[in-house]
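Since the structure comes first, as structure tokens, the remarks are kept for the end.
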Amino acid sequence: MLNQSVLMGRLTAEPELRTTNTGTSVTSFTIAVDREYQTNGERQTDFFPIVAWRQTAEWICRYFHKGSMIAVIGNLQNRRYEGQDGIMRTVTELVVSHASFCGNKTEGSGTTRYDTKPIDTSNWQPASPDTFSEFIDDDEDYEYEQTVFK
């Protein structure tokens, strides 16, 4: 059986690091994911609950903030709990196994979080032909690829 999901979206709130009674780090947050299609010119958005444990939770809380773009890979899990009103509820959430950066959000000032200085090319010189060596292609697969993929 297979239970693997990949989502990419923006955090809807600042992630908060909590610890269990046994000292295990955990964070839960929601990401907003835009749908591929539009209805009436408006883009639809889905909101998915995400849970991360241990070092992954600590890493996410350290480097991601509200509005950050994040990609998460994990398993979908159902969890049941009793609400304060005594009614049993079920929530489906993605439990993260891997998370990664996918970009950055532009700040309100119009600048990005990364330093983007232009490269100085004022003293650039083209390479001399003497610095290049001859490339010998002894790849026998080349002829095969030419005949098969024509």
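What follows draws every value from the coordinates through simple rules; no lab data is involved. Note that the structure is a prediction, hence the values are computed from the model and not measured. Note: ideal-geometry Cβ built from the backbone for every residue, glycine included; neighbour counts use all protein chains shown.
At-a-glance table
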{"quantity": "Conditions (1) surrounded by 12 or more Cβ atoms within 10 Å (Cβ to Cβ); (2) outside any strand (DSSP E or B): number failed by ASN3", "calculated": "(1)"}
{"quantity": "Candidate set: the range 40-57, residues that are without any contact (Cβ under 8 Å) to a residue 12 or more places away in the chain and part of a strand (DSSP E or B); chosen: the one farthest from SER97 (Cα to Cα)", "calculated": "GLU42"}
{"quantity": "The range 20-70, residues that are surrounded by 11 or more Cβ atoms within 10 Å (Cβ to Cβ) and of a type in the set (Ser, Thr, Tyr)", "calculated": "THR24, SER25, THR27, SER28, THR30, THR45, THR56, TYR63, SER68"}
